[in-house]
Amino acid sequence: MSKHQRGFTLIELIVVIVILGILAATALPRFINVQADARAAAVQGIAGGLRGAVALVQAKWQIAGGSGVSSVNMADGTAVAVGATTGFPTNVIGGIGNAMNCESATLCQGNAIVLGANPTTWRPAGGTATCEARYDASTGAVTTVGTAASGC
């Protein structure tokens, strides 16, 4: 009677483990950098919220009579300070801060903000000057700085 052994040899198992290790080492860095992707997406979300708030406030300003009106009331009763000649929210807590329903002059829905400067900056947690959304009260423009590729 002959017995046939079945299974893998030790060398075959070691070769498979080495190949899996090489694949893991090349694929892992691709998935590690999700924090930069998340911050870049947060900046885009902040910018979208800012653009929406600016558009709504300016529409309310135009409905309220336009030029000369320095404050508008939103649907929830929140007063938003606006430029009397442009209708864009001002860059203070009573302006764009109220339009975005911010908790304070330095925190808005989990984002660090610097109100009062022009442009106002909005940074997600862990963001830097190379990873932020900016609101210019004089023009109503919202711009973004940083992408995941740039290490946001």
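If you line up the long axis of helix 10-32 against the longest principal axis of the chain, both from Cα atoms, how many degrees apart are they, to the nearest 10?
Orientation of helix 10-32: about 10 degrees from the principal axis.
Mind telling me which of Ala53, Ala84, Ala137 comes out most flexible in a GNM of the chain, alpha-carbon contacts under 10 Å?
Per the Cα network of the chain with a 10 Å cutoff, Ala84 tops the list.
With springs connecting C-alpha atoms under 10 Å apart, model the chain as a Gaussian network and identify which of Gly94, Gly21, Gly77 has the largest mean-square fluctuation.
Answer for the Gaussian network model of the chain: Gly21.
In the chain, how does Rg compare with the Kirkwood Rh, expressed as the Rg/Rh ratio over alpha carbon atoms?
Ratio of gyration radius to Kirkwood radius: 1.43.
Tell me whether the range 1-75 comes out rounded, prolate or oblate; compute the Cα gyration tensor, take square roots of the eigenvalues as a ≥ b ≥ c, and use a/c under 1.5 as the rounded threshold.
Note, shape of the range 1-75 comes out prolate.
Listing Leu10, Leu107 from the residue with the fewest other Cβ atoms within 10 Å to the one with the most, what is the order?
Ranking Leu10, Leu107 by Cβ neighbours within 10 Å, fewest first, gives Leu10, Leu107.
Val82's amide H: which non-local residues (gap 5+, or another chain) put their own amide H closer than 5 Å, with H modeled 1.01 Å from N in plane and none for Pro or chain starts?
Ser71, Val72, Thr90
Nearest 10 degrees, 0 to 90: what angle lies between the long axis of helix 34-63 and the longest principal axis of the chain (Cα atoms)?
Value to nearest ten degrees: 20.
Could you tell me the calculated FRET efficiency between Ala64 and Glu103, based on Cβ-Cβ distance and R0 = 30 angstrom, to the nearest 0.05?
Efficiency, rounded to the nearest 0.05: 0.70.
Report the calculated FRET efficiency for Ile32 and Leu10 (r = Cβ-Cβ distance, R0 = 35 Å), to the nearest 0.05.
After rounding to 0.05, the efficiency reads 0.60.
Given the -39500 (n - 2.57) contribution per DSSP H run of 4+ residues, what per-residue ellipticity at 222 nm results for the chain, rounded to the nearest 500 deg cm²/dmol?
The per-residue figure over the chain is -12500 deg cm²/dmol.
Values in this text are rule-based calculations from the coordinates and carry no lab data. Keep in mind it's a predicted model, so treat the numbers as computed, not measured. Reconstructed Cβ throughout: ideal geometry from the backbone, glycine too, with neighbour counts over all protein chains shown.
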